[in-house]
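Written below as C-alpha cells is the structure these notes are about.
The values are calculated or read from the model by the stated rules, or taken from the named source; none is laboratory data. Not measured: the values here are computed from a predicted model. Note that we place each Cβ from the backbone using ideal geometry, even for glycine, and neighbour counts take in every protein chain shown. Each accessible area value is taken on the protein alone, full model and side chains, heavy atoms only, with ligands, DNA and RNA left out. Shrake-Rupley method; radii C 1.70, N 1.55, O 1.52, S 1.80 Å.
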Amino acid sequence: MQRIVVLSGGIGGARFLRGLRRAAPDAGITVIGNTGDDIHLFGLKVCPDLDTVMYTLGGGIHDGQGWGRADETFTVKEELAAYGVGPEWFGLGDRDFATHIVRTQMLGAGYPLSAVTEALCRRWEPGVTLLPMTDDRVETHVVVDDGEGGRKAVHFQEYWVRLRAAVPAHAVLPVGADQAAPAPGVLDALATADVIVFPPSNPVVSIGTILAVPGLREGIADAGVPVVGLSPIIGDAPVRGMADKVLAAVGVPSTAAAVAQHYGSGLLDGWLVDTADADAVGAVEADGIRCRAVPLLMTDIDATAAMAREALSLAEEVKAA
Ligand code: GDP
Ligand code: CA
C-alpha cells in the first residue's frame with residue numbers, strides 16, 4: 001500500500017485531500033494538520049483547520065463556504081450575544097459547537113488533542129488518518145500596528161477574521177512552536193511515507209506553522225522520499241483568501257515561483273504551478289526543484305483528483321530521476 005503524508009491547513013488542504021482520496025483510493029493517507037489557528041472561545045477549544053479537514057472529508061462541511069457545518073443554525077451564538085458575550089466576529093454554529101464541547105470535555109478529562117481528534121474522526125470517518133501536528137499549545141500571532149505609533153501582537157484569528165487581514169502584518173509568530181513536540185504518529189508517518197505532499201495550503205500560517213514544530217523539517221528531509229507541492233498562488237494572487245498578506249509579512253512575493261523558493265530545494269523536490277504560471281517553470285527548475293505547469297483550480301472533485309494525480313506522477317518522476 002502506498003503511504004502518502006499530507007501537511008494540511010484548512011480549506012485548501014481539505015479540498016485537495018478530497019481529490020487525493022479519489023485519485024489514490026487504495027493509498028494510506030496520513031494528514032498532519034495545522035493547529036496554530038486554534039483558539040479558545042467561550043471556554044471551548046476550537047481547532048478550525050482540523051475540523052475543516054474532518055468535516056470536508058466526512059461529508060459535514062458547508063460546501064460553498066468551505067468551513068463550518070452544512071445546514072447550520074446560530075441559536076447559541078445569538079443567545080450568547082444577548083448576554084453581551086462575544087466575540088461575535090467568529091462564526092460558531094450550533095452543530096459546530098457540539099464538536100468543540102466534546103473536544104473540550106475530553107481535553108479536560110486528560111486526553112491529548114491527538115486522541116481527541118481520533119475520537120472525533122470515529123464519527124466522521126474521513127478516510128484518512130488525521131493527526132494534529134502537535135499535542136502542545138501553539139498559537140499563531142500576527143504583529144500589527146497598535147494605532148498609537150507602536151506595535152502589538154494579536155491572535156491569528158483576530159487578524160484574519162476580525163481585521164480581515166486588512167491592516168499591515170509585520171511578522172507572523174508561531175508562539176509556542178519552539179517548545180512543541182510532534183504529536184504521536186507524526187514522525188513515524190513521515191519516516192514510513194512513500195511520498196510527502198504539500199497541498200495548496202497557506203505557505204506561512206498553515207504549512208509554515210507545521211514546519212515550525214521541531215523535528216518536522218528534519219523528519220521530512222530524512223524520509224528520503226519525494227516531497228512535492230502544489231501552488232496556492234495562481235497568477236500572482238491567492239486563489240481565495242488573503243495568503244498574499246502573510247506572505248508579504250515574511251518577505252515572500254505572491255508568486256508561484258517565490259513560494260517554491262521559500263520552501264526551498266532542501267525541502268521540496270517537485271512543485272506544480274498552474275498553467276497560467278507556465279513561465280515560472282524555468283525559474284523553479286533553476287533552483288533545483290522539478291516543476292510542471294498543470295491546471296490547479298479545484299473547481300470540482302474531478303479537477304481536484306486530476307491535480308492529485310499530477311502530484312503523484314511528479315513524485316514518481318522525482319523518484320526515477
Ligand atoms: P485555510 O487554513 O482555511 O486558510 O486553508 P489552507 O491553508 O489549507 O489553504 C488556503 C489556501 O488555499 C489559500 O492560500 C488559497 O490560495 C488556496 N486555494 C484555495 N482554493 C484553491 C484552488 O482551487 N487552487 C489552488 N491552487 N489553491 C487554492
Ligand atoms: Ca487555517
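With θ set to phi - 60° and the Karplus curve 6.51 cos²θ - 1.76 cosθ + 1.60, what are the ³J(HN,Hα) couplings of segment 280-296 in order, to the nearest whole Hz, using x for Gly and Pro? Karplus-based 3J(HN,Hα) across segment 280-296 equals 8, 4, x, 5, 5, 5, 4, 8, x, 10, 5, 9, 9, 9, 9, x, 10 Hz. Axis of helix 301-320 versus longest Cα principal axis of the chain: the two differ by about 50°, to the nearest ten degrees. Remark: segment 57-64, residue by residue, has Karplus-estimated 3J(HN,Hα) of 6, x, x, x, 6, 6, 5, x Hz, where x stands for each Gly or Pro and the curve is 6.51 cos²θ - 1.76 cosθ + 1.60 at θ = phi - 60°.
Each eigenvalue of the Cα gyration tensor of the chain, multiplied by 5 and square-rooted, gives one semi-axis; in descending order these are 30, 23, 19 Å. GNM on the chain, alpha-carbon springs under 10 angstrom: the most fluctuating residue among Leu187, Leu211, Leu107 is Leu107. Can you tell which of Gly9, Ala153, Thr117 lies farthest toward the positive end of the dipole of the chain, using +1 and -1 charges on the Cβ of basic and acidic side chains (Lys, Arg; Asp, Glu)? Highest projection toward the positive end goes to Thr117.
Between the amide H of Leu41 and those of Val46, distances stay under 5 Å, these residues lying 5 or more places away or on another chain, with hydrogens modeled in the peptide plane.
Taking amide H atoms as placed 1.01 Å from N in the peptide plane, the amide H of Gly33 lies under 5 Å from those of Ser8, Leu131, Met133, each 5 or more residues away in sequence or on another chain. Straight-distance candidates among the lysines for linking to Lys245, with alpha-carbon spacing under 30 Å and chain neighbours fewer than 8 residues away dropped: Lys45, Lys77, Lys152.
Averaged over its residues, segment 196-321 has an accessible area of 38 Å² per residue, based on protein heavy atoms and a 1.4 Å probe. Note on segment 171-321: with charges restricted to the Cβ of Lys and Arg (+1) and Asp and Glu (-1), its dipole about the Cα centre is near 240 debye.
Counting heavy atoms of the protein chains alone, Tyr111 has an accessible area of about 120 Å² for a 1.4 Å probe. Bridges between two residues of the chain, per DSSP, are antiparallel at a rate of about 45%. Positive end of the dipole of segment 159-266 (Cβ unit charges, origin at the Cα centre): among Pro168, Gln261, Leu216, the Cα lying farthest that way belongs to Pro168. Using only Cα atoms, tell me the angle between helix 11-23 and the longest principal axis of the chain; keep it within 0 to 90° and round to the nearest 10. Its long axis makes an angle of about 50 degrees. 3J(HN,Hα) along segment 36-47: x, 7, 4, 8, 9, 10, 6, x, 10, 8, 10, 10 Hz, from the Karplus curve 6.51 cos²θ - 1.76 cosθ + 1.60 with θ = phi - 60°, whole Hz, x for Gly and Pro. Remark on Arg151: its backbone amide H falls under 5 Å from those of Asp146, a criterion applied only to residues 5 or more positions apart or on other chains, H modelled at 1.01 Å from N.
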